[in-house]
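Novice: Here's a structure for you.
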Amino acid sequence: MSFNSFGRVFRFTTWGESHGPAIGAVVDGCPPGLSLSEQDIQPWLDRRRPGQSRFTTQRQEPDQVRILSGVFEGKTTGTPISLLIDNVDQRSKDYSEVAQAYRPGHADYAYDAKYGLRDYRGGGRSSARETASRVAAGAVARLVIPEVTIRAWVSEVGGDAIASFDAEQIDANPFFCPDAAAAARWERLIDDARKSGSSLGAVVECEASGVPAGWGAPLYAKLDSELAAAAMSINAVKGVEIGDGFAASRLRGEENADPMRPGERGPSFASNHAGGIAGGISTGQPVRLRVAFKPTSSILTPVETITRAGEATEIMTKGRHDPCVGIRGVPVVEAMMALVLADQKLLHRAQCG
């Protein structure tokens, strides 16, 4: 399978399957001399780790990361950084029926049509398990951009959106939700979906503050196009918006503009409809991203499908799955934001010094 790498100067490659012995990432292009240990990576993996509440998959993976190369005496060497995460709680027997028939909404048929074979154990590379590798790589990327603060949260579950924002609430509930009242409603929504054998979608929002003006490029390496590609590459993502996104199409020109006034350190902006990016280049405002996650495709509700032989049948997916995969998408979206910004910072330095 090709195209398992992302980035230009700061580049990472993920490898491994959901039910293989391990997964991991190789990070290339990281500057030398940065302090790095497993302890710098583990907290980010712990935020994504499964089995921490009844609202996520009950697969018990400690997600303990090991650094195999690229670090000497606690410092990055400038050579490839190899990161390994063991898989310890696979239950491949749960997928015996999936071996014979395709799960609608999943990548089963598409993989089979492309390669003529597929790893049906948990979906192989199409599993959200792969995103743990991204989170590990993203932890390294954060070291390259210490001036930037990245924060993501869930703003909507199953069509129910937040009505208020309290940053302190994001880590105070299992949904990364900044609205305590919405978090209480989501408990019932997700419980009902899980008990009925179904699943829900979600919207994750992400903001990066401290991004200086000038990162990005005018055309084929636009900061917003790189962010869109990064977010769309996440399993289960079906939509991406930068700034106001589709809502901008419903505004008049004067409403959508972000007026500028003189400031102490460059312009002061009256609004941020553009999401901190103009012409593909950062403006110095917070970079804003919205990501739509579809409902988890692996559900216990029977769905019409076909077998590999083309015969009509029904399938329900046994095993342990997230009733709302978007919840654990929060640290993944943060990681992809960090990976893009680290790459763009180094690209900017390469051209402009």
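The values are calculated or read from the model by the stated rules, or taken from the named source; none is laboratory data. Not measured: the values here are computed from a predicted model. Cβ coordinates were reconstructed from backbone atoms using ideal geometry, including for glycine residues, and neighbour counts include every protein chain displayed. With ligands, DNA and RNA removed, areas are computed over all heavy atoms of the protein, side chains included. Shrake-Rupley method; radii C 1.70, N 1.55, O 1.52, S 1.80 Å.
Novice: Does segment 233-267 hold any residues that are among the charged types (D, E, K, R), open to solvent by 40 Å² or more (accessible area, probe 1.4 Å) and under 26 Å from Ser297 (Cβ atoms), and which are they?
Specialist: Residue satisfying the conditions is Lys238 alone.
Novice: Continuing with this model, one more query. For segment 179-229, name all the residues that are without any contact (Cβ under 8 Å) to a residue 60 or more places away in the chain, under 19 Å from Val291 (Cα atoms), open to solvent by 40 Å² or more (accessible area, probe 1.4 Å) and outside any helix (DSSP H, G or I).
Specialist: Lys222
Novice: List the number of the failed condition for Tyr111; all other conditions in (1) in contact (Cβ under 8 Å) with a residue 12 or more places away in the chain; (2) surrounded by fewer than 18 Cβ atoms within 10 Å (Cβ to Cβ) hold.
Specialist: Condition (2) is where Tyr111 drops out.
Novice: Determine whether segment 87-103 contains at least one residue that is in contact with a Phe, Trp or Tyr (Cβ under 6 Å, 6 or more places away or on another chain), at pLDDT below 90 and either acidic (Asp, Glu) or closer than 22 Å to Arg328 by Cβ (or both). So that I can check it myself, show each step before the final result.
Specialist: Step one: list which residues in segment 87-103 are in contact with a Phe, Trp or Tyr (Cβ under 6 Å, 6 or more places away or on another chain), which gives 95, 98-99, 102.
Those still in the list that are at pLDDT below 90 too: 95, 98-99.
After this cut, where a residue has to be either acidic (Asp, Glu) or closer than 22 Å to Arg328 by Cβ (or both) as well, the list is 95, 98.
Yes, that holds for at least one residue.
Novice: Got a number for residues in segment 159-173 being open to solvent by 50 Å² or more (accessible area, probe 1.4 Å) and either assigned to a loop (DSSP other than H, G, I, E, B) or hydroxyl-bearing (Ser, Thr, Tyr) (or both)?
Specialist: Quick first cut of segment 159-173, residues open to solvent by 50 Å² or more (accessible area, probe 1.4 Å) only: 159, 163-166, 168-169, 171-172.
Filter once more, so that each one left must be either assigned to a loop (DSSP other than H, G, I, E, B) or hydroxyl-bearing (Ser, Thr, Tyr) (or both): 159, 163-166, 171-172.
Adding up the residues that qualify gives 7.
Novice: Filtering segment 235-260 down to residues that are part of a strand (DSSP E or B) and closer than 30 Å to Ser18 by Cβ, which residue is farthest from the chain's Cα centre (by Cα)? Spell out the reasoning first.
Specialist: Going through segment 235-260, the residues part of a strand (DSSP E or B) turn out to be 237-242, 260.
Add one more test, that the residue is closer than 30 Å to Ser18 by Cβ, and what stays is 237-241.
Values: Val237: 8, Lys238: 12, Gly239: 12, Val240: 12, Glu241: 14 Å.
In this case the residue turns out to be Glu241.
Novice: Condition (residue is closer than 22 Å to Ser199 by Cβ, surrounded by fewer than 16 Cβ atoms within 10 Å (Cβ to Cβ), β-branched (Val, Ile, Thr) and touching a residue at least 40 places away in the same chain (Cβ under 8 Å)) applied to segment 306-318: is it met by at least one residue? Write out each step before concluding.
Specialist: Step one: filter segment 306-318 for residues closer than 22 Å to Ser199 by Cβ, giving 306, 313-318.
Filter again for surrounded by fewer than 16 Cβ atoms within 10 Å (Cβ to Cβ), leaving 306, 313-314, 316, 318.
Filter once more, keeping what is β-branched (Val, Ile, Thr): 306, 313.
Of the ones still in play, those that are also touching a residue at least 40 places away in the same chain (Cβ under 8 Å) are 306, 313.
Among the residues of segment 306-318, at least one is closer than 22 Å to Ser199 by Cβ, surrounded by fewer than 16 Cβ atoms within 10 Å (Cβ to Cβ), β-branched (Val, Ile, Thr) and touching a residue at least 40 places away in the same chain (Cβ under 8 Å), which makes the answer yes.
Novice: Next question. Please find, within segment 149-158, the residue that is farthest from Arg328 (Cα to Cα) out of those that are crowded, with 21+ Cβ neighbours inside 10 Å and β-branched (Val, Ile, Thr).
Specialist: Ile150
Novice: Now a separate question. Within segment 102-152, count every residue that is more than 30 Å from Pro32 (Cβ to Cβ) and in contact with a strand residue (DSSP E or B) (Cβ under 9 Å, 6 or more places away or on another chain). Explain how you work it out, then say what you get.
Specialist: As a first pass, look at segment 102-152 and keep what is more than 30 Å from Pro32 (Cβ to Cβ): 102-129.
When the remaining residues are screened for being in contact with a strand residue (DSSP E or B) (Cβ under 9 Å, 6 or more places away or on another chain), the result is 102-105, 108-109, 125, 129.
Count: 8.
Novice: Exactly one of (1) surrounded by fewer than 20 Cβ atoms within 10 Å (Cβ to Cβ); (2) over 17 Å from the mean Cα position of the chain (by Cα); (3) not aliphatic (A, V, I, L, M) is unmet by Ser282. Its number?
Specialist: That leaves (1) as the condition not met.
Novice: Provide a single number: the residues in segment 261-282 that are part of a loop (DSSP other than H, G, I, E, B), more than 27 Å from Ala161 (Cβ to Cβ) and modelled with pLDDT of 95 or more. Give the derivation first.
Specialist: Taking segment 261-282 as the starting set, the residues that turn out to be part of a loop (DSSP other than H, G, I, E, B) are 264-265, 270-276, 279-280.
From what's left, more than 27 Å from Ala161 (Cβ to Cβ): 264-265, 279-280.
With modelled with pLDDT of 95 or more added as a condition, the list becomes 279-280.
Count: 2.
Novice: Which number in (1) surrounded by fewer than 17 Cβ atoms within 10 Å (Cβ to Cβ); (2) modelled with pLDDT of 90 or more marks the one condition that Phe3 misses?
Specialist: Answer for Phe3: the failing condition is (2).
Novice: Additional query: Take the conditions farther than 20 Å from Leu289 by Cα and open to solvent by less than 20 Å² (accessible area, probe 1.4 Å) and apply them to Gly123. Does it pass?
Specialist: Working: farther than 20 Å from Leu289 by Cα: yes; open to solvent by less than 20 Å² (accessible area, probe 1.4 Å): yes.
It is true that Gly123 is farther than 20 Å from Leu289 by Cα and open to solvent by less than 20 Å² (accessible area, probe 1.4 Å).
Novice: Among the residues of segment 27-47, which ones are closer than 10 Å to Gly78 by Cβ and not acidic (Asp, Glu)? Lay out the reasoning, then the answer.
Specialist: Filtering segment 27-47 for residues closer than 10 Å to Gly78 by Cβ gives 28-34.
Answer for segment 27-47, where residues must be closer than 10 Å to Gly78 by Cβ and not acidic (Asp, Glu): Gly29, Cys30, Pro31, Pro32, Gly33, Leu34.
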